[in-house]
1. Multiply the residue gap between S73 and E48 by 0.36 nm, knock off their C-alpha separation, and tell me the result in nm, one decimal place.
2. Please report the accessible area of L76 (heavy atoms, 1.4 Å probe, ligands and nucleic acids excluded) in Å², nearest 10.
3. With each pseudo-label sitting 7 Å past Cα toward Cβ, what's the A80-K23 distance in nm, one decimal?
Amino acid sequence: MSSIILKGEKISLRVILKEDLPKSWAWFNERSTVRGLFNSAHFTLPEEEAEFYEDLKKNREKSPAFAVIENESGKLVGIAGFNWVN
């Protein structure tokens, strides 16, 4: 069973898997990412990334999120989502 939700020419969207969490945690703790997203000194603990994953599962209808995959390499290159879709 494939976890790809939407396949594009260069990237695809798939469900976020638990194995994506270490990479996601590293991104959200990079200084440039934090500055761009939060405009403050906001860093997370590994446990918070696990909480983020559990929240995704609980709120996926109102706040869908996706892993962004590069088609050629199959590599995780980002996380994208929507907040509180009505």
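The values are calculated or read from the model by the stated rules, or taken from the named source; none is laboratory data. Here the structure is a predicted model, which means the values were calculated and not measured. Neighbour counts are summed over all protein chains in view; Cβ atoms, including those assigned to glycine, are modelled from backbone coordinates with ideal geometry. Ligands, DNA and RNA are stripped out before the accessible areas are found, and what is left, the full protein with its side chains, is counted by its heavy atoms. Shrake-Rupley method; radii C 1.70, N 1.55, O 1.52, S 1.80 Å.
1. The S73-E48 span can extend by a further 6.1 nm.
2. For L76, solvent-accessible area is about 20 Å².
3. It works out to 1.5 nm between the two label points.
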